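First up is the structure itself, then whatever we jot down about it.
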Amino acid sequence: MKKLFYLMLFFPTLFFAQEKDILKVLENQQISWNSGDLEGFMNGYWNSDSLVFIGSKGATFGWKNTLDNYKKSYPTKEKMGILEFSDLKIKMLGKNYASVFGKWKLTRENDIPNGIYTLIFQKFKDGWKIIQDHTE
């Protein structure tokens with residue numbers, strides 16, 4: 001019974017730390033995007049051919065293909081605009097996986113596109129990475 005008590009005390013702290021690390025990945029992505037640095041933004045993604053990105057044009061597989069799509073869609077800092085994430089909800093799916101729901105908004109000179117996303121994160125030796133992104 002004593003072990004169970006200590007586990008119950010430990011796991012919320014562990015999950016809070018995990019959530020904090022995930023939020024840091026998203027914060028770094030936002031900073032990179034707003035600096036016009038797509039490669040820096042992509043540091044939040046798993047650099048693998050198995051990365052899955054699902055957007056309005058369908059599914060893209062692989063880190064490089066995802067980066068190439070971003071470069072086509074956002075060729076200039078003006079097209080990129082200012083990225084803002086909001087309404088983030090993190091759900092831990094175990095010790096090494098988490099899902100994140102949120103809203104995104106780009107503020108640009110002539111428009112303010114926005115939408116929602118669901119991310120699946122996996123914890124690797126070098127930290128948390130997005131392994132699947134469904135953005136609308």
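The values are calculated or read from the model by the stated rules, or taken from the named source; none is laboratory data. All figures in this text were calculated on a predicted structure; none of them were measured in a lab. As a convention, Cβ positions derive from the backbone with ideal geometry for all residues, glycine included, and neighbour counts pool all protein chains shown.
Just checking, does the stretch 74-92 include any residue being loosely packed, with under 14 Cβ neighbours inside 10 Å, outside any helix (DSSP H, G or I), touching a strand residue (DSSP E or B) at 6+ places or on another chain (Cβ under 9 Å) and at pLDDT below 95?
no
It is to be established whether one or more residues within the stretch 26-41 are among the hydroxyl-bearing types (Ser, Thr, Tyr) and either at pLDDT 95 or above or surrounded by 15 or more Cβ atoms within 10 Å (Cβ to Cβ) (or both).
yes
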